[in-house]
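Working notes, structure below.
What follows draws every value from the coordinates through simple rules; no lab data is involved. Quick caveat: nothing in here was measured; it's all calculated off a predicted structure. No Cβ is skipped: glycine too gets one built from the backbone with ideal geometry, and neighbour counts run over all protein chains shown.
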Amino acid sequence: MNFIKDRLGVTLIFIGVLGGYVLLTDVFHVLNPFLFHSITKVPPLFVEYFGQLMDGLWSSLSLLVWAYMLALILGIGLGAFIGSKKLVRKNLTPYINAFSAIPVTLLTPYAINLFPSFRVASIFIIFLGCFWIILGSTITAVMTIDKRYLENAATLEIPNIQRLFRIVLPAASPAILTGCTIALKLAFMLLAVAEMFGVTSGMGYFIQYYSDFGRFDLVAVGFIFMAIVLLIILYAFDLIKGRILHWTINN
């Protein structure tokens, strides 16, 4: 009963958006039919191109998993170190702010020429975009921890490693995980850019390929499929986050 109550608003909004789209396309014909196809065309195309969509999913996940996990490990590791060391933070922050301000997509030509394969270059583009967000959120989260926690740890003579995993990271985890969620959404945006070169399969490639041929019905199928995948991944991520942050007010 609680699940239905919690999801009622989401369901009503979905029905409203779907109904509005049907009115604008099939009933009043307000939207351009070349760009915005009838919703009735989508299910048959899903069935027809399901194999190609799934091949694209596995191809995209092979890029996303490596890039995101690397960004997660390095971003949280370096962020925790920099955030907890005032002198290091003061010296590195200007450089972090400067380099993170450069749009990752502008580095695509350099990545293609510097790395040995298009696949590695694609992983690097996604990794870098996620890394700056996770690094920045971790530094901010660690440096804003209530210093009384650290003072109590020093009084109890807790070793540095135990202090990191038992005090610093748990206290900073709400803000860190918020940054990780934002980075995950950005990874899907960068996926479309990363799959524009040197690949023949992928969710972003599927959309770009059929867009070039003017098949906007299949472009819509690609958008919907990518949105469904992202929702499933974010839902799984929220479950993990809820377990980690079980002590917070929203859990």
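Test of understanding: what is the full-extension gain from residue 87 to residue 149, defined as 0.36 nm times their sequence separation minus their Cα-Cα distance? Write out the running numbers ahead of the final one.
Numbers: separation 62, 0.36 × 62 = 22.32 nm, distance 2.00 nm.
Roughly 20.3 nm would be gained on extension.
Give the whole-number value, in cubic angstrom per residue, of the convex hull volume spanned by the C-alpha atoms of the chain. Present the calculation step by step, with values, prior to reporting the outcome.
Working: hull volume 42.5 nm³, N = 251.
Per residue, the Cα convex hull of the chain comes to 169 Å³.
In what sequence, highest mean first, do 31-44, 127-140 appear when ranked by Cβ atoms within 10 angstrom? Don't jump to the answer; show the numbers that get you there.
On the way: 31-44: 12.7, 127-140: 23.4.
Those peptides, ordered most packed to least, come out 127-140, 31-44.
Reported to two decimal places, what Rg/Rh ratio describes the stretch 42-92 when computed on Cα atoms with Rh from the Kirkwood expression?
Working: Rg = 20.0 Å, Rh = 14.0 Å.
Ratio value, two decimals: 1.43.
Using Cα pairs under 8 angstrom and six or more residues apart, how large is the relative contact order of the stretch 46-244, in percent? Walk me through the numbers on the way to the answer.
Working: 198 pairs, mean separation 58.1, N = 199.
About 29 percent, as a whole number.
Note the count of lysine pairs whose C-alpha atoms are less than 18 angstrom apart in the chain, limited to pairs 8 or more residues apart or on different chains. Write out the running numbers ahead of the final one.
Values: 85/147; 86/147; 90/147; 185/241.
Close lysine pairs under the 18 Å cut-off: 4.
Any idea how far apart residue 234 and residue 22 come out in nm if each label point goes 7 Å out from Cα toward Cβ?
So the two model labels end up 2.5 nm from each other.
Summing -39500 (n - 2.57) over the DSSP H runs of n ≥ 4 in the chain and dividing by its residue number, what mean residue ellipticity at 222 nm do you reach, to the nearest 500 deg cm²/dmol? Write out the running numbers ahead of the final one.
Details: 11 runs with 189 residues, N = 251.
After summing the helix terms and dividing by residue count, I get -25500 deg cm²/dmol.
Working from Cα positions, state the angle (0 to 90°, nearest 10) between the long axis of helix 169-194 and the longest principal axis of the chain.
30
Order by neighbour count: 99, 206, 46, fewest other Cβ atoms within 10 Å first, most last. Don't skip to the answer; put the middle values down first.
Values: 99 10, 206 26, 46 13.
By the 10 Å Cβ count, ascending: 99, 46, 206.
Sort 108, 200, 93 so the one with the fewest other Cβ atoms within 10 Å of its own Cβ comes first. Please report the intermediate quantities before stating the final value.
Values: 108 19, 200 10, 93 14.
Ordered from fewest to most neighbouring Cβ atoms within 10 Å, 108, 200, 93 come out as 200, 93, 108.
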